[in-house]
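Encoded as structure tokens, the structure appears first; notes follow it.
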Amino acid sequence: MLVTYDSLLGSAVEYFTDSIEFYKNQKYKNAVISLWSGILILLKCRLFKAHPALIVANITDLLVLNDGKLEIPNLELNEHIKTVSLSEMLKRFKKFGISNEVYNRYAEGLVKIQTARNQAEHCVCSFSSDDFLEMFENIVPFVNDFFEEELNTDPADIFKNWSDFLAIQKLAEARQKNVAEFIDKHTDIEALKMGTHISAACSECGAEAIDIGDKMLTCKACGNKEAYNICSECGGVFPENGFVSFYEELGLCYDCFAEKSGMNDDD
């Protein structure tokens, strides 16, 4: 497959676009994987711009001897030619004096996405909308700055769905603001950080709500507080607005009660 700068950039855009679509369809694991793939290929675009051979892991795989001279023909990728890893890319940026300021600026947030992607690839954990928004907080600034400073391109001219990026960025910023305001108002920051390992989805916004030691569920995003019950059988946590599915006098959730009472037995 012949690789050009435009085809490489197109692949990056496609991964970012897929990530947005996965997010919209609540496929957060896929959204994280695609997001990281887009970031990696965007970095390869910068190397490719300096010289196409720099995106190949073993540059000698490309060399051909022509009339006593070593040459690198048009870059074609196949199963025998692997592209460069992130760690090697960073080494090449430094070795060849290629600008990498934008990546360094957002490295802390990008490394978190890389870690999440590795967890997603190996099915170590699942992801929620809140998890994705937390990762997304730096993505639009990173992509915008990378396109403008490293690729000398306006991302709005490349992404057909740039407005979707901006819309999700607003959600991420709102989430960050709500969390910051809630932490500022809370008197016991350590309790907020640690919690009691009791959590459930907030009945107001769907984000994670935790018991920070006051026997109430407090939403990390919107700050909503509500009482809860814990099923003595399965250990499930049921917020106040979910009490209709919980028998307080029995200490059982509806599913456990149904199982114990035989309601789920076939006729």
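The values are calculated or read from the model by the stated rules, or taken from the named source; none is laboratory data. All figures in this text were calculated on a predicted structure; none of them were measured in a lab. Note: ideal-geometry Cβ built from the backbone for every residue, glycine included; neighbour counts use all protein chains shown. When the accessible area is computed, the model is the full protein with side chains, heavy atoms only, and any ligands, DNA or RNA have been set aside. Shrake-Rupley method; radii C 1.70, N 1.55, O 1.52, S 1.80 Å.
At a 10 angstrom cut-off on C-beta neighbours, averaged per residue, how do the peptides 108-117, 33-42 rank from highest to lowest?
Details: 108-117: 16.4, 33-42: 22.2.
Ranking, from highest mean packing down: 33-42, 108-117.
If you plug each phi of the range 136-150 into the Karplus form 6.51 cos²θ - 1.76 cosθ + 1.60 with θ = phi - 60°, what whole-Hz ³J(HN,Hα) values come out, in order, with x for Gly and Pro?
7, 3, 9, 5, 4, x, 4, 4, 4, 5, 5, 5, 6, 8, 9
What ranking do 164-172, 128-136 get when scored by the average of other Cβ atoms within 10 Å per residue, highest first? Could the numbers behind the result be given before it?
Working: 164-172: 16.3, 128-136: 20.2.
Taking the mean over residues of other Cβ atoms within 10 Å, the ranking is 128-136, 164-172.
Using a 1.4 angstrom probe on heavy atoms only, work out the carbon and sulfur share of the accessible area of the range 84-183 in %.
Working: 2590 of 5350 Å².
C and S fraction of accessible area: 49 percent.
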